[in-house]
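Structure, as structure tokens:
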Amino acid sequence: MIFRDHFLTLVIFSVLVALFFGVLNHRDRHSFVISVCKTLAWMVLGSLAFAYLMFWTGH
Amino acid sequence: MPARPSSWKAAAYSLPTLLVPGLSHWVLGRRRRAAAFFCIVGLTFAFGLLLDGALFPFSAPNWLYRLAAVAQVGLGAPYFIGRLVGLGNLNPTEVANVMFGYGNTFLVTAGLMNMLLIMDAFDIVVGRKE
């Protein structure tokens, strides 16, 4: 195992998935950047919201 | 109206991705995309193994693990070679590992990404996508 950091793992995962869909769907550089940013925003914010929900309901 | 290529031809062009991620796009002349797909799927697979994820067998005791195996088979050759050389064995002591779930998610995602690449290459050959 190289690291145990949950947040770092989440960020790496989100970046890889965002890049994948960016490359899959882009027509030009602009649409690539927009696609990556949108996927990244949804994944990171969604995951943080989910983590907060888990933390909140864990008490 | 130009003749549409047969499904057999489309399948023949889309299945090389099962050997190497992105190979179909390389064969279809989309070299930069192919290189990007190879790096992204390869990195996802590598991180999954580094995070102690498992390449699940179809004989796994849990049905969720068997479902994960279906997704991981989408990787094609990397999955079967990994299983053959003993990478990502389902080890009972690893299940308790903090990063086991993350590693599995990476590996399942890599398999699903590769399935999408097969479908994308198929769509390119039949003319549904540029």
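The values are calculated or read from the model by the stated rules, or taken from the named source; none is laboratory data. In this text the structure is predicted, and so the values were computed from the model without any measurement. Positions of Cβ are backbone-derived with ideal geometry, glycine not excepted, and every protein chain shown enters the neighbour counts. When the accessible area is computed, the model is the full protein with side chains, heavy atoms only, and any ligands, DNA or RNA have been set aside. Shrake-Rupley method; radii C 1.70, N 1.55, O 1.52, S 1.80 Å.
I'd like the FRET efficiency for B:L84 and A:L8, computed as 1/(1 + (r/R0)^6) with the beta carbon distance as r and R0 of 30 Å, rounded to 0.05.
Here the calculated transfer efficiency is 0.45.
Counting only Cα, what are the radius of gyration and maximum Cα-Cα distance Dmax of the stretch A:1-41, in Å?
My reading of the Cα-based Rg and Dmax gives 12.0, 38 Å.
List the chymotrypsin sites (Phe, Trp or Tyr not before Pro) within the stretch B:34-92 that DSSP assigns to loop and that have no more than 16 neighbouring Cβ atoms inside 10 Å.
B:F58
With a 1.4 Å probe and all protein chains in place, put A:T9, B:T105 in order of accessible area, largest first.
B:T105, A:T9
Shielding by partners for A:8-15, please: the mean number of other protein chain Cβ atoms within 10 Å of each residue's Cβ.
3
If you average 1/r over every pair of different alpha-carbon atoms in the stretch B:1-123 and take one over that average, what Kirkwood value in Å do you get?
15.0
Given bins 5 angstrom wide, list per bin the percent of all Cα-Cα distances in the stretch B:66-130, short to long.
Bins of 5 Å from zero give 4, 16, 21, 21, 15, 9, 6, 4, 2, 1 percent of pairs.
Under 1.5 on a/c is rounded, so check that first for the protein assembly as shown, then, if it is not, pick prolate when a/b is larger than b/c and oblate when it is not; a ≥ b ≥ c are the square roots of the alpha carbon gyration tensor eigenvalues.
oblate
What does the charge dipole of the protein assembly as shown about its Cα centre add up to, to the nearest 20 debye, if the Cβ of each Lys and Arg holds +1 and the Cβ of each Asp and Glu holds -1?
Roughly 640 debye for the protein assembly as shown.
In what order, largest first, do A:H26, A:H6 sit by accessible area if the probe radius is 1.4 Å?
Correct descending sequence by accessible area is A:H6, A:H26.
Count, for each residue of A:16-22, the Cβ atoms from other chains sitting within 10 Å of its Cβ, then give me the mean as a whole number.
Mean shielding count: 6.
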